[in-house]
Amino acid sequence: MASYLARPTRVAAVGGPVLLAVYGLVRLLPGSKQPGAGWLVGHAALLAGLLLFGVVLAALYRVAARRRPVAALALGTALAGLAASLGQVGVDLYVGAVAADKAAQQQLFERIQDRPGVVPALYSVGPLLFYVGLLALLLAAVRLVRPRGPLLMLAGTAVMAADLDLMALGALLYLAALAPLAGRPAVVTGRPAVSAGA
């Protein structure tokens, strides 16, 4: 029953939050909020973490297959938000790579963000859709993640929104929320996949 999907799901459920935590820790280091190695390493970790969340979204959708209309809407919302978040990180990486110093970084950000639609698409409304869709998928897959899953995810999101310096803590809450995905094979048709040793 497509048990080959089990390992990627487990890796993503752990790796996604861990890489978000790496980004959160790196951005606390001196000099990491201006062009340089810290900026690039932190944002590369964030990019990789977000990409792994794409696997997590797919796994949650399969778990919630019995609620397919709701799950499909949640998945579409989350993927749209994920694309926006990836776009934002792409801009951040570009700016960090080409800007010579903090002043040049700020000027380049302003030029990019002054373009019509960029701020809502990549910095405000767009990324928010990822968290809304992810939470909705967790609620749809509550039989696997249990009620604590959506609650932990909501708490993690609230912590990050309150202060980005707490991003590592929020990521650990995400890790706890996704723990059931990390501890069992992926689901493909609304039922747990049977492992080879079962």
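Miscellaneous remarks
- Nearest 10 degrees, 0 to 90: helix 148-162 Cα axis against the chain principal axis: 10 degrees
- Using R0 = 35 Å, the C-beta based FRET efficiency linking residue 40 and residue 125 works out to 0.85.
- Once the Kirkwood radius over Cα pairs is known for the chain, the Stokes-Einstein relation at 25 °C and 0.890 mPa s delivers a diffusion coefficient of 141 µm²/s.
- Ranking 69, 138, 17 by how far each Cα lies toward the positive end of the dipole of the chain (charges on Cβ) leaves 69 at the top.
- The base-10 log of I(q)/I(0) for region 3-63, evaluated at q = 0.22 Å⁻¹, reads -0.77 [Debye formula, identical scatterers on Cα atoms, solvent excluded].
- Across region 33-165, C-alpha contacts under 8 Å between residues 6 or more apart give a mean separation that, scaled by the residue count, equals a relative contact order of 33 percent.
- Charge-dipole axis of region 28-115 as Lys and Arg at +1 and Asp and Glu at -1 on Cβ define it, positive-most pick from 53, 40, 28: 53
- Relative packing of 52-62, 159-169, which averages over residues the other C-beta atoms within 10 Å, highest first: 52-62, 159-169
- Dipole magnitude (debye, nearest 20) for the chain, charges at Cβ of Lys, Arg, Asp, Glu: 1000 debye
- Note on region 65-158: the C-alpha convex hull projects to 7.2 nm² when averaged across all orientations.
- Simple spin-label estimate for residue 114 and residue 98 gives 1.5 nm between the two label positions (7 Å along the Cα-to-Cβ direction from each Cα).
- Rg/Rg_globular for region 127-185, with Rg_globular taken as 2.2 N^0.38 Å and Rg from C-alpha atoms: 1.08
Every number here is computed from the coordinates shown, using simple stated rules; none is lab data. Please read all numbers here as calculations on a predicted model, not as lab measurements. Quick reminder, even Gly has a Cβ in these numbers, built from the backbone with ideal geometry, and neighbours come from all protein chains shown.
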